[in-house]
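Notes follow the structure.
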Amino acid sequence: MCGIIGFSGREQAAPILLDGLERMEYRGYDSAGIAVRSETKGLQVKKTKGRLRVLSDLTHGGADLEGTLGIGHTRWATHGEPNDINAHPHVSENGQIALVHNGIIENYLEIKEQLQRRGVTFTSDTDSEVVAQLLEYHYNECHNMLEAVGRVLRRIEGSYAFGIICSDFPNALIAARKDSPLILGYGENGNFIASDVTAIIKYTRDVVYMEDGEIAVVTPESIDVFDSEMNPLEKQHSQVDWDVSAAEKGGYAHFMFKEIMEQPEAIAKTVSPRIRDGRVVLDDITLTADYVRDISRIFIIACGSSYHVGMVSKYNWERLLRRPVQVDLASEFRYSDPLVDEKSLVVVISQSGETLDTMAAMREAKRRGARTLAVVNVVGSSIAREADDVLYTWAGPEIAVATTKAYSTQLVLMDLIGLYLADLLGTVEKSEYDAILAEVQVLPEKMSHFLEHFEDVQYFASRYFNHNSIFFIGRNLDYAMGLEGSLKLKEISYIHSEAYASGELKHGTISLIEPGTLVVALGTYAALFDKAMSNVVEVKARGAEVLAVTTETFKEKMEKTADSTIVVPDTHPILQPSLGVVPLQLFAYYVALQRGCDIDKPRNLAKSVTVE
Ligand code: AGP
């Protein structure tokens, strides 16, 4: 979604703002802008539709805007089309106040009409401009910027992270948050606000996470944080331990490819600290055996790829725990009057830890008394802070919009949690437990081995990249894995693609199979391999071209029927999706590359989805 940065310091702000915005480019956006204040020139604003390069050229790398106080924004349009006028910062009518906003103001139309009746003229179609105008209105009433912000926050409904500067308020920027992430950064030459730690990590690792309802005043020397009643707060500082280089391409053409290649290392980091003396150790959570025995329902809730991890985990956990596990899309769960109570364990999965639907679903579950466990990648993110327990996937920063290493680390961490719970319940045989743990530990090595021979996948992508419609079919874990393969392909190559449970084909979808249709057949799930093969034969009989993914065990059988076969190493069945998904990620990557797509920043998508 939108990215926000603000700086108040002892250096020129504009180049710092542009640099920070560039580091958030991966989040996806359609326009960008900055506003800088100087003693002599007052507020200067430049904003434009398109990529950051356009803004940078327009301002000569920021040199055109003088001043050491400023705010910047990359926009992902919600209200009003992406154009220069709707881009942020938005400036109040008399040019005194500039504001950047992430989120959605739900009652903006009502406020806009009231202000219009008082003669205020609006230039954009956005909800954000309404806030800038409302601020000016209250500022003119009370002549105190902080007080005006407080009044505005009491008037508006919805979600927001704001960065605000005012020509009368030298050297200070004001920040406020509700349901949209915002962090404060303490730098050597000044202080920051940012929606994303990657924007400021070059300048500081010393950060404070703002909570809902808080307001901050940021000057070059200090940051003061207040609650909604303007009582000063003592905030705890956190140190960001990400390496700057982790958020850079390091010689790779795309972040997505780099992140695919980083998966073995990321999995090792997620797994190694959690296996001690042949047991899964989850020090960070406090679930006791008694508590787990008392749980009547288990829910897994997430969106997109994280939901697909949930789908894999449902199969795996039910097998390990011998209990029903319900997987729900967060956007559906939150409005479904869910049957959740104090005896429910609700596991939420989110890379960013900021996905609004997932957060709202988690809050709903908590409201109904459930215990929540979050599986999150971004340390200190909102979901991580609000869940009863959190387990981090130590994947490091994931920049490409299409997730790969975060997905893989979520998958393996969910397997460990399943094993841990099964052990507490006594529902897993020791031999099975040991076999899974042994395989988890060699997973990175097996994955690395496969990644050394990615050329096969590259070749198949060059053969199939011009198909307009692609089906992924598989059973059980292969079906769940197919959902992810299909989403990867859709989001970065823009090819229409669907994933089906193989057995479901003949109930409708098979009518779409015609000579030449590409079907990606997944045959890595040993228990149902023969059944899956029958479905491959069915689509072949209707003229489909079949690209198969299978394991070494089934290579020979598969090669007899499929047109092309990709072979991944064998592992324990529960872990097989961790290896099977890698060729699907690479296939999507190379197909998108052949089609000339913007791989790291696919159209219309954003890395962290902080609106409904
Ligand atoms: C995956 O490639 C997507 N970009 C998307 O589906 C993502 O997984 C989804 O938006 C959920 O994000 P989260 O894990 O940060 O909550």
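The values are calculated or read from the model by the stated rules, or taken from the named source; none is laboratory data. Here the structure is a predicted model, which means the values were calculated and not measured. Because the Cβ atoms are built from the backbone with ideal geometry, glycine has one as well, and the counts that use them run over all protein chains shown. These area figures cover heavy atoms from the full protein model, side chains too; ligands, DNA and RNA do not enter into them. Shrake-Rupley method; radii C 1.70, N 1.55, O 1.52, S 1.80 Å.
For residue 269, which lysines qualify as cross-link partners when the Cα separation must be under 16 Å and same-chain residues fewer than eight apart are set aside? Excluding near neighbours in sequence, the set is 405, 446.
With +1 assigned to the C-beta of every Lys and Arg and -1 to the C-beta of every Asp and Glu, and no other charges, what is the dipole magnitude of region 255-450 about the Cα centre in debye, to the nearest 20?
Values: 22 positive and 28 negative charges, 37 e Å.
Result for region 255-450 is approximately 180 debye, rounded to the nearest 20.
A straight line joining the Cα centroids of region 270-331 and region 336-357 runs 12 Å.
For the chain, the dipole from Cβ point charges (+1 on Lys and Arg, -1 on Asp and Glu) about the Cα centre works out to 940 debye, to the nearest 20. Label positions at residue 10 and residue 559, each projected 7 Å from the Cα along the C-beta direction, are separated by 6.8 nm.
Averaging 1/r over each pair of different alpha-carbon atoms in region 242-301 and inverting the result gives 15.2 Å, the Kirkwood hydrodynamic radius.
Taking all Cα pairs closer than 8 Å and separated by 6 or more residues, the relative contact order of region 455-594 comes to 31 percent.
Note on residue 242: accessible area is roughly 40 Å² with a 1.4 Å probe, heavy atoms of protein only.
Descending by average beta-carbon neighbour count within 10 Å, the peptides 476-486, 162-172 line up as 476-486, 162-172, the highest first. Relative to the dominant Cα principal axis of the chain, helix 576-594 is inclined by about 60°. Of the residues 115, 29, 6, the one whose Cα sits farthest towards the positive end of the charge dipole of region 3-241 is 29 (charges of +1 on Lys and Arg Cβ, -1 on Asp and Glu Cβ, taken about the Cα centre). For region 167-269, the spherically averaged projection of the C-alpha convex hull amounts to 8.9 nm². What net charge do the residues around residue 549 carry, taking every other residue with its C-beta under 14 Å from that of residue 549, with Lys and Arg at +1 and Asp and Glu at -1? Combined, the nearby Lys, Arg, Asp and Glu give -3. Within the chain, the proportion of C-alpha pairs whose separation exceeds 43 Å stands at 25%. Other residues lying with their Cβ under 10 Å from the Cβ of residue 82 contribute a combined charge of -1, Lys and Arg counting +1, Asp and Glu -1. Restricting attention to region 455-594, lysine pairs at least eight places apart or on different chains and with alpha-carbon atoms under 18 angstrom apart total 9.
Selection among 441, 169, 379 by position relative to the dipole of the chain gives 441 as farthest towards the positive end (Cβ unit charges, Cα centre). Toward the positive end of the charge dipole of the chain, with +1 on the Cβ of Lys and Arg and -1 on the Cβ of Asp and Glu, the farthest Cα among 585, 469, 539 is that of 539. From helices alone, the chain scores -11500 deg cm²/dmol at 222 nm; the rule is -39500 (n - 2.57) for each run of n ≥ 4 DSSP H residues, then divide by the residue total.
Rolling a 1.4 Å probe over the protein heavy atoms leaves residue 85 with an accessible area of roughly 90 Å².
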